[in-house]
Amino acid sequence: MTTIEILGFTSAFLTTFSFLPQAIQVIKTRDTASLSLAMYSIFTVGVAGWLAYGIFKQDSAVIVANMVTLLLSACILSMKLYNDFATKKTENSQELDDSALALQDKCCTHECIS
């Protein structure tokens, strides 16, 4: 292995595994509220592009690093999407419940019977 290849693999290892603490925290806490959906979406697509590039160039360091990074970022992104969807669904459900209660209150006070 050449010095350049060692540099490539070392850099790939460091940048790839920098995502590990974030992924572990998200998996443990399931908390993605402070994460940017746009950032993780764009980043995940970019990593997929780098993976494709590495495959076409047959560059092992780029391939391995981006396979692992894609797995970690896709995991975080999927949890972010799930949490955002679940939160939105809960908020909409709460709004419907509030509307139903308001309507029920009006009907019980005979405001809607006229």
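A few points about this structure:
- Computed packing ranks the peptides 71-79, 55-63 as 71-79, 55-63, most packed first, by mean other Cβ atoms within 10 Å.
- Put in line by how crowded their Cβ is, counting other Cβ atoms within 10 Å and starting with the fewest, THR69, THR10 read THR10, THR69.
- Here the label points at MET67 and ILE27, each 7 Å from Cα along the C-beta direction, are separated by 1.8 nm in the simple model.
- Note on the range 1-52: the alpha carbon radius of gyration divided by the globular reference 2.2 N^0.38 Å gives 1.44.
- Net charge, ILE76 excluded, C-beta distance under 15 Å - Lys, Arg +1, Asp, Glu -1: +1
Every number here is computed from the coordinates shown, using simple stated rules; none is lab data. As the structure is a computational prediction, the values presented were derived from the model and not from experiment. Don't worry about glycine lacking a Cβ; one is built from the backbone with ideal geometry, like all the others, and counts go over all protein chains shown.
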